[in-house]
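Read the structure below first, then the notes.
Quick note: the coordinates plus some simple rules give every number you see, no bench work behind them. Because the structure is a prediction, the values reported are computed rather than measured. For neighbour counting, all protein chains shown are included, and Cβ atoms are generated from backbone atoms with ideal geometry for every residue, glycine included.
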């Protein structure tokens, strides 16, 4: 998909709108020329090729390491206020870092909203469903989701633009239809991104 390729390109550089990102394994500067990993809606790069497998084995433990305290190590793939996957022509200049993640925005208003309450919009969920109950199909990866809707402590990823609004109107119905797909966040790399060498 063209949008998937664009989203892969937009997030290829770890210094997007700010200071260089930290490798989630070693804590030093990440190298955007290396392959990346997507976890919990966020893209991470590494300082060396060997870090990728270590991070993907246990991202929760890696992100809790003391060496990452006060550092930003990932870029969120969505506008955290609208929930829409962020494409190159929609990202404004400027970003906000919170909880070790860099957030980009579609509009200045969304950035202002986020900055007033970063905990509300920037806290990543403990549960997710990579399944769109509206379209009745699995979502292959975060980078291939059109957006998400949060409900009852779960982040539900959608397959196509328009599904988010339908899900939000009948959240209980669609959440129930997605129940068997709810799980803890995991690595969900885009196949299209992998073909491009992780860039």
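Things to note:
- DSSP beta bridges fully contained in region 40-199 are about 75 percent antiparallel.
- When 34, 104 are sorted by how many other C-beta atoms sit within 10 angstrom of their C-beta, beginning with the fewest, the order is 34, 104.
- Kirkwood-type hydrodynamic radius, region 2-124: 14.4 Å, calculated from all non-identical alpha-carbon pairs.
- Label-point gap, in nm, between residue 171 and residue 69 - each point 7 angstrom along Cα→Cβ: 3.5 nm
- Comparing 112, 175, 30 in a Gaussian network model of the chain (Cα springs below 10 Å), the most mobile by mean-square fluctuation is 112.
- Sequence of 134, 75 once ranked by neighbouring C-beta atoms within 10 Å, starting from the fewest: 134, 75
- Its DSSP H runs of at least 4 residues, each contributing -39,500 (n - 2.57), put the calculated 222 nm mean residue ellipticity of the chain at -6500 deg cm²/dmol, to the nearest 500.
- Cut-off 17 Å, label 7 Å out along Cα→Cβ of residue 184, residues of region 113-130 by amide N: 124-130
- Label-point gap, in nm, between residue 61 and residue 48 - each point 7 angstrom along Cα→Cβ: 1.9 nm
- The orientation-averaged projection of the convex hull spanning the C-alpha atoms of region 127-183 amounts to 3.2 square nanometres.
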